[in-house]
């Protein structure tokens, strides 16, 4: 009896360990068998699969492919940067057909693995190749000096949607000050902030206004950053600090950190939030009352299309860029927007698409 008990305990512990390391979405019944199914694996960035932001949105594309295309899908969560390479290697060891990595910080590890495994297909969200310029060292500070035929970069012109959000924020502020901050000052973060500031400046020029942006200065290529993508406390404190400086609208570009900002705004009623990556009235619906709008990247669509292409044999390396023109980016409905503001946003959207308005 004692031996049986020990065996059961061991099995339970093993199950808990496996659950903590990752999750999976199996092909629907009636589809491919486990042995023959096309395997898709996602490696998350540090925000985790439940970040209500870009990791979760990317995996929604995997889940849709599981349902519609009969593939097998799973994810491996990264809790520190050293996990990136390990998780990619685990998926390679499992003979995964398409490996999807999520985020700028996985750029070097993804390229290194792709070069060593040319028969495996990769897609990376928020990154593209070549990424080696100047004094960057291939395999160390950058991934690849050229495009790779087995890697598709999924990038998004979030400055375009950020511009619309900045204009909407400038039109909606009651204090004349709006703010933005990021997790880390990397291109896929500050591109939101550049567009946001440009949108505010455009509003000022069109309306003869003087709305101020706190937290980012494109001319200096610098601003306010928490240094992480997971601390809700940092999100609260940054939002509180901006409110104390007079801002009443805040756009956090920091994954789950931004939920801390949303919680502060909801509890105090002192500010509104511009969400990022996905529509926060859906992904973080508990904060709907304080969400002005959201800058959306349609990452789920891009990931789904990459899986479909990899499975049907039409996959090609290179880059995909989501824009306002192809529906890859946009903003969610603006809370309280007048018909005039919506018409102005529509005109700006058309102007960005036809090139008459620059998003930065």
* On a 0 to 90 degree scale, rounded to 10, what angle separates helix 83-93 from the longest Cα axis of the chain? -> 40
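Let me know the whole percent of all Cα-Cα pairs from segment 274-360 that are separated by more than 16 Å.
Numbers: 2387 of 3741 pairs.
Above the 16 Å cut-off, segment 274-360 has 64 percent of its Cα pairs.
Above 40 angstrom, tally the Cα pairs of the chain and express them as a % of all pairs, no decimals. Can you show the working numbers first?
On the way: 11072 of 64620 pairs.
Here the long-distance tail beyond 40 Å is 17 percent of all Cα pairs in the chain.
For the residues 296, 193, 251, what sequence is obtained by ranking on other C-beta atoms within 10 Å, fewest first? Display every interim value, and only then the final one.
On the way: 296 24, 193 28, 251 31.
Exposure proxy ranking, most exposed first: 296, 193, 251.
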* Structure fact -> Between the Cα axis of helix 187-207 and the main Cα principal axis of the chain, the angle (0 to 90°, nearest 10) is 20
* **Helix-only [θ]222 nm of the chain, DSSP H runs n ≥ 4, -39500 (n - 2.57) each, per residue, nearest 500** => -13500 deg cm²/dmol
* Structure fact -> Cα pairs beyond 17 Å in segment 111-153, in percent, come to 24
* Evaluated at 4 °C with a viscosity of 1.567 mPa s, what Stokes-Einstein diffusion coefficient in µm²/s does segment 211-360 have when Rh comes from the Kirkwood expression over alpha-carbon pairs? -> 75
* Asked: Among 267, 77, which comes first, second and so on when ranked by fewest other beta-carbon atoms within 10 Å?
  -> 267, 77
* Using only Cα atoms, tell me the angle between helix 54-69 and the longest principal axis of the chain; keep it within 0 to 90° and round to the nearest 10. => 50
* Which of these, 37, 165, 179, has the largest mean-square fluctuation under a Gaussian network model of the chain (Cα springs below 10 Å)? -> 37
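Rank these for me by crowding, 291, 307, going from fewest to most other beta carbons within 10 Å.
Ranked by crowding around the Cβ, least crowded first: 291, 307.
Values quoted throughout were computed directly from the atomic coordinates according to the rules given, and no laboratory measurement underlies them. Everything numeric in this text was worked out from a predicted model, so none of it was measured. All Cβ positions, even for glycine, are placed from backbone atoms using ideal geometry, and neighbour counts span all protein chains on display.
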